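What follows is calculated from the coordinates using simple rules that are stated; it is not laboratory data. All values derive from a computational prediction rather than experimental measurement. Glycine gets a Cβ as well: all are built from the backbone with ideal geometry, and neighbour counts include every protein chain shown.
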Amino acid sequence: MASSATVSAPKKRKSFSEYFHSMRGQQLIVTLVFLFVPLVLLFMFTYLPFFKMVEFSFFKMKYIGRRTFVGLQNYISVFTRKDCFHALSLSLYYMAGSVVQMALALLFATILSFKCKGSKFFRGALYFPCLICGISVGFIFKFFFTHGFVLDTLLSWVGFNVDKLPFWLRDESINNVVLVACSIWKYIGQNIVMFIGAIASVDPVLYEAAEIDGANAWHRFKDIILPSISTIVVLNLIISVSGALSAFEMPYVVTGGGFNTSTYFVVMDKIAHTDQKVGLASAMAVVLLLLIVIVTYAQKAVEKWLENRSSGVTK
Amino acid sequence: MRKINRRNFLKATGVLAAASALAACGGSSTSTAGSTGSTAGSAAGADGAKAYNELTVGTDNTDLKADLKFVSHRTDLIEDGTFDGYVAAFQKLYPNITIKYEGITDYATDMTTRLTSNDWGDLCMIPTNIPLTELGDYFEPLCALSDIENEYNFASNRAYNGSVYGIPSTGNAQGIVYNKKVFEAAGITTLPKTPDEFLDDLQKIKDYDPSIDPLYTNYAAGWTMTAWDAYTSGGATGDPNWMNITMPQTKDPFQKGILGADDMGPYAVYYILYEAVKRGLTEADPTTTDWEGSKPRINNGQIGAMVLGSWAIVQMQAAGDHADDIGYMPFPITVKGTQYASAGADYCYGVNKNTTDDKKLAAMLYIKWLTESSNFAYDQGGVPVLKSQEYPDTLKAFDGIDLVEDAPAPAELADLATEVQQEAELMLNADQTHVMRVVEAGINGDETLDDIVADWNAAWDAAVDACAPQ
């Protein structure tokens, strides 16, 4: 029986001072004190700037100087301008790219999770690009894609004729695909590491049982691994979609947004910093946020619908 | 687990509270409450302090003690020790003044953000996107414009309401860097004076040797595209009032034939770029141009010409063994029989309004020394700031050319140019995307220069109406 020091037949209300000194009170106070600093930082650096930005979106203003209230004018501009939603259409390339990225990441993660020669080395090598600064990556890719340089030379070894090769970054039919490929190269490591972790959590007994039943590697993947890590896959999908809508680094550094590679963020950056239309840029950011929220809910709805359709299959 | 008793708990929260109080007061140690007291429109003559033009470097206040922080965009000169050399020479006269440079690469954007805090340093190069009306909010008025405009070129560049807030560091004349040997070998004997002559010359270079890029645009660097805007004012129109006064009140300024002939005005400048790209007289792939690599290439004769300001001459000469082959020609536009060249101040030195009086004085002394004794403008191949100083050799071709400096707008029209440009989203001299569009059209052929110019004119007209002074 637990100590009954503080429990007496008629439970009297503790005074604040007694509560303060009791175990529960102390725990609560320590929790609050430790939470205080992170919450203050979170508020100051995430929520406060966000609320200010929403406030800015209703004004016509520059970074320094006076501001005038314009109501919803900025939002109307975002929807009527030619460049904003055209830039969003470029995000479709990045979304397709993120699906490819996830598929490749699942493939690599599955291979690397099971007995594979040099798996440690490959894990490191595949994760390495994430760690490099995006600007350096962009610069190197500029040289990589220069006509007659690295990529063209590699392809000429395989048999392509250098003169027939396109200008990778200039050709508007492929330059977005090229930039998406650069983006995949850089960020696939994160997905791989996450999937390796998730796959490692699957009970190995299941694999043995499946092998006895005659399952091959593809069945093992489709019916055991994928359902087990489905939460992680969905999470990655949501993050990838919001990342695709806000693609900025690759187009900005590699092509500067030229030759029809200006994504939404690149346009927003020009409007905010060069044209100093901070209100309009804030409105663009808020619109993007709403778009991401809508897409996320849509994804979750589809996921639920798929689950309901195939209910009965073991999760 | 140790008992959390009252004493330990109070100690812990006490430390936390003290730490957070200290965190709040770091950093801003240079601002002094209200002692600056200078009002806009008057020289820095409050509390008997001398104005810029009254100072004599070398004899005034030689025992002044100050530690200055100088924020500059010339990261190259910080790294190669040129600025250290200047500081050392200055310290011979003022041994107790130390100056520390901080270089920023993406200067215009970063510095504008930094200025929103009051303790960014003591001296900086004034960013050009700050409206003239707001200069007094950040920078100390150094002296009256009438006091120095007879001795200094470009003195009005960062002046407002009769007060000078920024002293020019050097002057740029706008022309084209070219390789003299390549031009000679291709059979070009006289420098071109009209856009079509220039395009024909580029064609001659292409015919002479197809492996040479007649005009290298450096598209991928971005700022090299912005550089084309500087040619559209005085050099293309002969009018010092064009950029700041006439253009923001003119409808359809980019129109062909705006000054009565097709080959002058802003249209002609973009025409040269568009046609050169369209006729294949530039590099094959603009998206992968290499700025640093282009410098030795023009030095070695693999590039014919590049459209850059006079500050580039020194860099091109230093990039290889053929410094003598580098020449500088005025931009090939002739306005009614006379060739003009836009000239303007490069960045101007400014002093932080919120720093201490001693530091302000030290900063002004250093600026005066830099402008009058350091030979900075001459060494950098620029137009000298002091009217009495001589022009460097590389600008010899500009003998007989009229230098046209953009006149500042009068007070009632101040910032009209910036406002119209921002409203139209055609920030001349700051935005690169509109010029990039010209190159892209030349390569892709999906729109002509006339289509682009029609778009610009439409946006400009709307902006002129929106920003018209009441």
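The relative contact order of chain A comes to 28 percent, based on Cα pairs under 8 Å that sit 6 or more residues apart. Hey, with R₀ at 35 Å, roughly what FRET efficiency would A:Cys116 and A:Leu35 work out to, going by the Cβ-Cβ distance, to 0.05? Using R0 = 35 Å, I get an efficiency of 0.20. Summarised as an ellipsoid, chain A has semi-axes of 43, 36, 19 Å, derived from the eigenvalues of the Cα gyration tensor scaled by 5 and square-rooted, with the largest first. Under 5 Å between amide hydrogens, built in the peptide plane, is the criterion, and for A:Val70 it picks out A:Phe59, A:Lys60 among residues at least 5 positions away or on other chains. In terms of the mean number of neighbouring beta-carbon atoms within 10 Å, the peptides A:34-41, B:352-359 order highest first as B:352-359, A:34-41.
As a proxy for reagent exposure, B:Thr250, A:Thr255, B:Thr418 were ordered by neighbouring Cβ count within 10 angstrom, fewest first; the result is B:Thr250, B:Thr418, A:Thr255.
The tail of the calculated P(r) for chain B, taken as Cα-Cα distances beyond 43 Å, holds 21 percent of the pairs. Exposure proxy for A:His21, A:His147: other Cβ atoms within 10 Å of each Cβ, ordered fewest to most, give A:His21, A:His147.
Using the alpha carbons alone, the radius of gyration of the stretch B:47-117 stands to its Kirkwood radius in an Rg to Rh ratio of 1.04.
For the stretch B:256-302, what class follows from the C-alpha gyration tensor (a ≥ b ≥ c being the square roots of its eigenvalues): rounded when a/c is under 1.5, otherwise prolate if a/b is larger than b/c, else oblate? Prolate is the answer for the stretch B:256-302, as a/c is 1.5 or above and a/b outweighs b/c. Cross-link partners of B:Lys360 among lysines, defined as those whose alpha carbon lies under 21 angstrom from its own and excluding same-chain residues fewer than eight positions apart: B:Lys50, B:Lys65, B:Lys69, B:Lys92, B:Lys100, B:Lys368.
Counted as membrane-span-like here are DSSP H helices of chain A whose alpha-carbon atoms extend 27 Å or more along the helix's own axis and whose Kyte-Doolittle mean is 1.6 or above; these are A:23-42. Legend: mean number of C-beta atoms from other chains within 10 angstrom of residue C-beta atoms, peptide A:253-262, equals 5. Listed by number, the DSSP H helices of chain B that run 24 Å or longer by alpha-carbon position along their axis and have mean Kyte hydropathy of at least 0.5 are B:6-24. Which shape class, rounded, prolate or oblate, goes with the stretch B:233-355 when its Cα gyration tensor gives a ≥ b ≥ c as root eigenvalues, a/c under 1.5 marks rounded, and past that a/b bigger than b/c marks prolate? Oblate, since a/c reaches 1.5 and b/c is not below a/b. The string of couplings for the stretch B:337-342 from the Karplus curve (6.51, -1.76, 1.60, θ = phi - 60°) is x, 10, 9, 10, 9, 5 Hz, one whole number per residue in order, with x for Gly and Pro. Centre-to-centre, using Cα atoms only, the stretch B:401-446 and the stretch B:88-111 are separated by 31 Å. Projection of the Cα convex hull of the stretch A:196-315, averaged over all directions and equal to a quarter of that hull's surface, yields 10.6 nm². When the inverse distances between all different Cα atoms of the stretch B:225-280 are averaged and flipped, the Kirkwood radius reads 11.6 angstrom. Anisotropy class assigned to the protein assembly as shown is oblate, per the alpha carbon gyration tensor with a/c at or over the 1.5 cut-off and a/b no larger than b/c. Protection proxy ranking for B:162-168, B:53-59, B:280-286, B:71-77, using the average of other Cβ atoms within 10 Å per residue and placing the highest first: B:162-168, B:280-286, B:71-77, B:53-59. Quick one: check the C-alpha center-to-center distance for the stretch B:234-285 versus the stretch B:114-155, whole angstrom. Cα centroid of the stretch B:234-285 versus Cα centroid of the stretch B:114-155: 30 Å apart.
Legend: ranking of residues A:Val30, B:Val464, A:Val205 from fewest to most surrounding C-beta atoms inside 10 Å; resulting order A:Val205, A:Val30, B:Val464. Quotient of the Cα radius of gyration of the stretch B:338-470 and 2.2 N^0.38 Å, N being its number of residues: 1.44.
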